[in-house]
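**Q** To start, I am sharing the structure in question, which I have written as structure tokens.
What follows draws every value from the coordinates through simple rules; no lab data is involved. In this text, all values refer to a predicted model and were calculated from it rather than measured experimentally. Glycine also receives a Cβ, built like all others from the backbone with ideal geometry; neighbour counts cover every protein chain displayed.
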Number of protein chains: 4
Amino acid sequence: MTRFTTTALVRFAHVDAAGIVFYPRYFEMLNGAVEDWCAQGLGADFRALHDIRGIGVPTVGLEAEFHSPSRLGDMLDIALVPLHVGRSSCRLELTFSCGGETRLIARVTLVCTDLAAMRSTPWPDDIRARMTGTAPVAA
Amino acid sequence: MTRFTTTALVRFAHVDAAGIVFYPRYFEMLNGAVEDWCAQGLGADFRALHDIRGIGVPTVGLEAEFHSPSRLGDMLDIALVPLHVGRSSCRLELTFSCGGETRLIARVTLVCTDLAAMRSTPWPDDIRARMTGTAPVAA
Amino acid sequence: MTRFTTTALVRFAHVDAAGIVFYPRYFEMLNGAVEDWCAQGLGADFRALHDIRGIGVPTVGLEAEFHSPSRLGDMLDIALVPLHVGRSSCRLELTFSCGGETRLIARVTLVCTDLAAMRSTPWPDDIRARMTGTAPVAA
Amino acid sequence: MTRFTTTALVRFAHVDAAGIVFYPRYFEMLNGAVEDWCAQGLGADFRALHDIRGIGVPTVGLEAEFHSPSRLGDMLDIALVPLHVGRSSCRLELTFSCGGETRLIARVTLVCTDLAAMRSTPWPDDIRARMTGTAPVAA
């Protein structure tokens, strides 16, 4: 499966009283990286997913280890790798690093969800093909 | 070890475009529950910890399973149980439920940290004693 | 018109690297105070407004002066006074204080909005009556 | 004085249950635009300001009018113009637009603050010169 990379800048809004990223803010960044992956890697941006296809991708499971703190102004490199793509779910690993130092490794499980029924639904074929790397994203 | 309970109301600020809690917001609530536990259960509020004792409790590990979505206006019951108290860390389980339905179970590992040195430090005796339930919180 | 009061605790999630409330977090608290006012003062909680009546109350104007910083652990007293109730809008003043010291005064203009049409709509009579203090909230 | 421009993408984390930007999130974006201006326009990034010069720029006043809602996926153009630069404060106007449509106009007053004393202090000469457009930012 294909590795996707993006970046996130540590903003003043992300840091706590100790001057380091408050960990719930990492998950906002992580969700932003998943959005970038959907838009740029899978050819299916969140607006199109939600408003046109009626699909959401809620997170049902999450694990994270925080290796080293991040500070205001750090430019974080985020690498996303799909570990497993199931019928209606996928498991992703995201590694946040800065200057080669690992800050955070997280694994999340997302479920392809029919927003009207609020029930899981199989991945659309085009999205699955790009997740598994068997189809390119149209230029 | 002693179970601690608190509550959190699902606010407009917590929900996403699908009308359910955006999961990074759960971790803000979770951190709030840990703050309540420190203040009410351990007799050591975050301000005193940070400003007077120079101690922070950053989260170094986290796992969560999201069982069922929460909606605007839900009053969530949060139960916190210490699973393990080490020399300078602790592992907590927090269960969020509403009307008896489990919404989220999370396990977090916190590290007692000397904020000046940004290095782990043993739990102060009074805090450890209350964490392990061997000393009461003064009235 | 009737004054409404509520409180908000300054959480770790609210403070910045200088240890004081990051001002966008005040507006999350302010929105929470408006939610409490709707639920407790107007007898119309946000969930009922949104899901049953199809009404939202987006903010279209805002002014704020920040008088004095707030710190972790401060319990803020919030007083809400309707300054003006129009056909489909209202103007509110909210004062945040702690121990009698003013921290923030904000004035916001909300518009009663038909969420399906995304267009302004007159306040329902029961809500207007309670806003203007001509009808009590049922016990 | 010199106009500065930057952009912000409307993320899933920014929108509310009605699918439009929850207004406190605009102020996180606004603060991010001020950070970009300091780093790129004034040659003084927030980390250097805070950690090296011991200066913060808290917001002491704010006015905003929300003209039109923004939705998930909108790329917002943000234009920042200094309206007034005083001895130790400045007043900025920020206009958020998308595809030429104005979404939000905000005016904020920032105060140059000595973080150790938590007291206002005159702008450093180099920063003032760049704010007022009388000195270029070094390449």
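**Q** Could you grab me the full set of residues in region D:93-138 that are farther than 18 Å from D:ALA48 by Cβ, part of a loop (DSSP other than H, G, I, E, B) and β-branched (Val, Ile, Thr)?
**A** D:THR132, D:THR134 - these are the residues of region D:93-138 that are farther than 18 Å from D:ALA48 by Cβ, part of a loop (DSSP other than H, G, I, E, B) and β-branched (Val, Ile, Thr).
**Q** Inside region B:8-58, can you point out the residues that are within 26 Å of D:ALA18 (Cα to Cα) and of a type in the set (Val, Ile, Thr)?
**A** Passing the criteria: B:VAL10, B:VAL15, B:ILE20, B:VAL21.
**Q** Of all residues being among the hydrophobic types (A, V, I, L, M, F, W, C), farther than 20 Å from C:THR132 by Cα and in contact (Cβ under 8 Å) with a residue 24 or more places away in the chain in region C:1-14, which is nearest to the other protein chains (Cβ to nearest Cβ)? Just the residue, please.
**A** Among those that are among the hydrophobic types (A, V, I, L, M, F, W, C), farther than 20 Å from C:THR132 by Cα and in contact (Cβ under 8 Å) with a residue 24 or more places away in the chain, it is C:PHE12.
**Q** Restricting attention to region D:72-88, which residues are farther than 16 Å from D:PHE4 by Cβ and surrounded by fewer than 18 Cβ atoms within 10 Å (Cβ to Cβ)?
**A** Once the filter is applied, which keeps residues that are farther than 16 Å from D:PHE4 by Cβ and surrounded by fewer than 18 Cβ atoms within 10 Å (Cβ to Cβ), region D:72-88 yields D:MET75, D:GLY86, D:ARG87, D:SER88.
**Q** Could you run through region A:60-92 and say how many residues are under 28 Å from A:ALA17 (Cα atoms) and assigned to a strand (DSSP E or B)?
**A** Number satisfying all stated conditions: 11.
**Q** Go through (1) over 16 Å from the mean Cα position of the chain (by Cα); (2) over 27 Å from D:ARG103 (Cβ atoms) and name the single condition C:ASP114 misses.
**A** C:ASP114 satisfies all of (1) over 16 Å from the mean Cα position of the chain (by Cα); (2) over 27 Å from D:ARG103 (Cβ atoms) except (2).
**Q** Name the residue that is surrounded by the most Cβ atoms within 10 Å (Cβ to Cβ), counting only residues in region A:15-59 that are part of a strand (DSSP E or B) and within 10 Å of chain D (Cβ to nearest Cβ).
**A** Checking each candidate, the answer is A:VAL15.
**Q** Sort out which residues of region B:60-75 are facing another protein chain (nearest Cβ under 8 Å) and either of a type in the set (A, V, I, L, M, F, W, C) or within 24 Å of B:ARG128 (Cβ to Cβ) (or both), and write them in order of number.
**A** B:VAL60, B:GLY61, B:LEU62, B:GLU63, B:ALA64, B:PHE66, B:LEU72
**Q** Further question: Six or more apart or on different chains, Cβ atoms under 9 Å: show the pairs whose first residue is in region A:111-126 and in contact (Cβ under 8 Å) with a residue 12 or more places away in the chain and whose second is aromatic (Phe, Trp, Tyr) and buried (at least 17 other Cβ atoms within 10 Å of the Cβ).
**A** Final answer for the pair search is A:CYS112/A:TRP123.
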